[in-house]
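Novice: Got a structure here, written out as structure tokens. Questions coming.
The values are calculated or read from the model by the stated rules, or taken from the named source; none is laboratory data. Bear in mind the structure is a predicted one, so any value in this text is a computation, not a measurement. Don't worry about glycine lacking a Cβ; one is built from the backbone with ideal geometry, like all the others, and counts go over all protein chains shown.
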């Protein structure tokens, strides 16, 4: 073979080698895990699914979440079912959110068992879930990275502490022949935040009755919805009745019907206090009492404490129809949940956040440290 032919063959082999080697090398770089510029600039998407949308509470949660999303340049959506009784619509919202390949999800579950498949899928796909408000109790291991919420048990205990001094004398004087009743009015028996509040009020009231009124467990009887009667709850007494009330459903109509039934027996059952464990139950009592104006007229001496805020409840507190109410910080619930979701996406450590609760009444609701917590 001539030298010219040999050189030609060498050149051909060299060209073929370069052509084959170049894509192999390029593939090696892609497989190394290096992200493309487009991937690096891809915006984080975090859907937020609440337990409802009708309460002003959720609107304020949304405001806080939007503020955090703006700060961290997060694309977010916020939605919730029409009412907190609509479990299946919330499940579908979560299904739809999962289909959009989110970076993380913020979730306040109405019923954990109903979304168990989606939670397990999130674990498989390594999608962080941040709980908020009641969170996602009993979720699969590893599904929930952290929760931004009020410690509902402690917050409701504060309501008992505020009510007790006002009704203490009646509790001390109660006898089996002339008993007193305290109503613990809860929207449902499934939501973690609501049930924690009912139990928190119950336990603190029992503690105060025993320690501050010098009554024994044998004087106390816890009755009503079985979900709110613990294995160690006193159930033998007949002088002091703690009545754990839950409407047929969380819908406003059912809650209002239950509130009216409670008010109808204020006299016959000597009801001295009512604790409304959320905005829905407080609104039900107000609807049943002409926005609260009939409470002091038709039920003199009845002490009512609400939970959350909203225009009607704030007006009732300001007018002293309610002794007061417990407020959460819904803005910080939303802000904290979205902020932790962003940090979880970035691989930063997150942990449960107690966003706090306070008691407000006509004397402090306009204070600077309180008025920002009282949403409309």
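Novice: Conditions: (1) part of a loop (DSSP other than H, G, I, E, B); (2) at pLDDT below 95; (3) in contact with a helix residue (DSSP H, G or I) (Cβ under 8 Å, 6 or more places away or on another chain). Residue 35 meets all but one. Number of the miss?
Specialist: (3)
Novice: Surrounded by fewer than 20 Cβ atoms within 10 Å (Cβ to Cβ), in contact (Cβ under 8 Å) with a residue 60 or more places away in the chain and over 19 Å from residue 324 (Cβ atoms) - does that describe any residue in segment 158-177?
Specialist: For segment 158-177, residues surrounded by fewer than 20 Cβ atoms within 10 Å (Cβ to Cβ), in contact (Cβ under 8 Å) with a residue 60 or more places away in the chain and over 19 Å from residue 324 (Cβ atoms): present.
Novice: Moving on. Restricting attention to segment 44-61, does a residue exist that is over 17 Å from the mean Cα position of the chain (by Cα) and either assigned to a loop (DSSP other than H, G, I, E, B) or under 30 Å from residue 281 (Cα atoms) (or both)?
Specialist: no
Novice: Here is a further query. Within segment 284-302, take every residue that is part of a loop (DSSP other than H, G, I, E, B) and touching a helix residue (DSSP H, G or I) at 6+ places or on another chain (Cβ under 7 Å) and give me the one that is nearest to residue 261 (Cα to Cα).
Specialist: Going through the qualifying residues, I end up with 288.
Novice: Do we have residue 315 as farther than 13 Å from residue 146 by Cα and modelled with pLDDT of 95 or more here?
Specialist: yes
Novice: Ok, one more. Could you list all residues from segment 303-322 that are outside any helix (DSSP H, G or I), without any contact (Cβ under 8 Å) to a residue 60 or more places away in the chain and over 17 Å from residue 183 (Cβ atoms)?
Specialist: Within segment 303-322, 319, 320 qualify.
Novice: Collect the residues in segment 266-283 that are within 25 Å of residue 85 (Cβ to Cβ) and part of a loop (DSSP other than H, G, I, E, B), keeping them in residue-number order.
Specialist: Answer for segment 266-283, where residues must be within 25 Å of residue 85 (Cβ to Cβ) and part of a loop (DSSP other than H, G, I, E, B): 277, 278.
Novice: Right, next: Quick check, is residue 202 in contact with a helix residue (DSSP H, G or I) (Cβ under 6 Å, 6 or more places away or on another chain) and surrounded by 14 or more Cβ atoms within 10 Å (Cβ to Cβ)?
Specialist: When the stated conditions are applied, residue 202 does not pass them.
Novice: Also: Would you confirm, using the coordinates I've provided, whether residue 69 is in contact with a strand residue (DSSP E or B) (Cβ under 8 Å, 6 or more places away or on another chain), under 19 Å from residue 346 (Cα atoms) and assigned to a helix (DSSP H, G or I)?
Specialist: It is true that residue 69 is in contact with a strand residue (DSSP E or B) (Cβ under 8 Å, 6 or more places away or on another chain), under 19 Å from residue 346 (Cα atoms) and assigned to a helix (DSSP H, G or I).
Novice: Test each condition in (1) within 30 Å of residue 103 (Cα to Cα); (2) modelled with pLDDT of 95 or more for residue 332 and report the one that comes out false.
Specialist: With (1) within 30 Å of residue 103 (Cα to Cα); (2) modelled with pLDDT of 95 or more applied to residue 332, the lone miss is (2).
Novice: Every residue in segment 335-376 that is surrounded by fewer than 22 Cβ atoms within 10 Å (Cβ to Cβ), part of a helix (DSSP H, G or I) and at pLDDT 95 or above, please.
Specialist: Those that are surrounded by fewer than 22 Cβ atoms within 10 Å (Cβ to Cβ), part of a helix (DSSP H, G or I) and at pLDDT 95 or above: 343, 344, 345.
Novice: Can you confirm whether segment 319-340 contains a residue that is more than 18 Å from residue 155 (Cα to Cα) and out of contact with any strand residue (DSSP E or B) (no Cβ under 9 Å at 6 or more places or on another chain)?
Specialist: Yes, segment 319-340 has at least one match.
Novice: Another one. Return the pairs, sorted by first residue and then second, in which the second residue is surrounded by 14 or more Cβ atoms within 10 Å (Cβ to Cβ), the first residue lies in segment 253-264 and is at pLDDT below 95, the beta carbons are less than 6 Å apart, and the residues are 6+ apart or on different chains.
Specialist: Partner pairs satisfying both residue conditions: none exist.
Novice: Restricting segment 320-376 to residues that are more than 23 Å from the chain's Cα centre (by Cα) and assigned by TED's automatic domain parsing to the domain that holds residue 46, which is nearest to residue 275 (Cα to Cα)?
Specialist: By that ranking, first place goes to 348.
Novice: Give me the residue from segment 268-297 that is surrounded by fewer than 20 Cβ atoms within 10 Å (Cβ to Cβ) and touching a residue at least 12 places away in the same chain (Cβ under 8 Å) and, out of that set, farthest from residue 321 (Cα to Cα).
Specialist: 269
Novice: Which members of segment 80-110 meet the condition of being surrounded by fewer than 16 Cβ atoms within 10 Å (Cβ to Cβ) and modelled with pLDDT of 95 or more?
Specialist: 88, 89, 92, 95, 96, 99, 100, 101, listed by residue number.
Novice: I'd like to check something: does segment 225-234 contain any residue that is assigned to a loop (DSSP other than H, G, I, E, B) and under 30 Å from residue 82 (Cβ atoms)?
Specialist: Yes: segment 225-234 contains one or more residues that are assigned to a loop (DSSP other than H, G, I, E, B) and under 30 Å from residue 82 (Cβ atoms).
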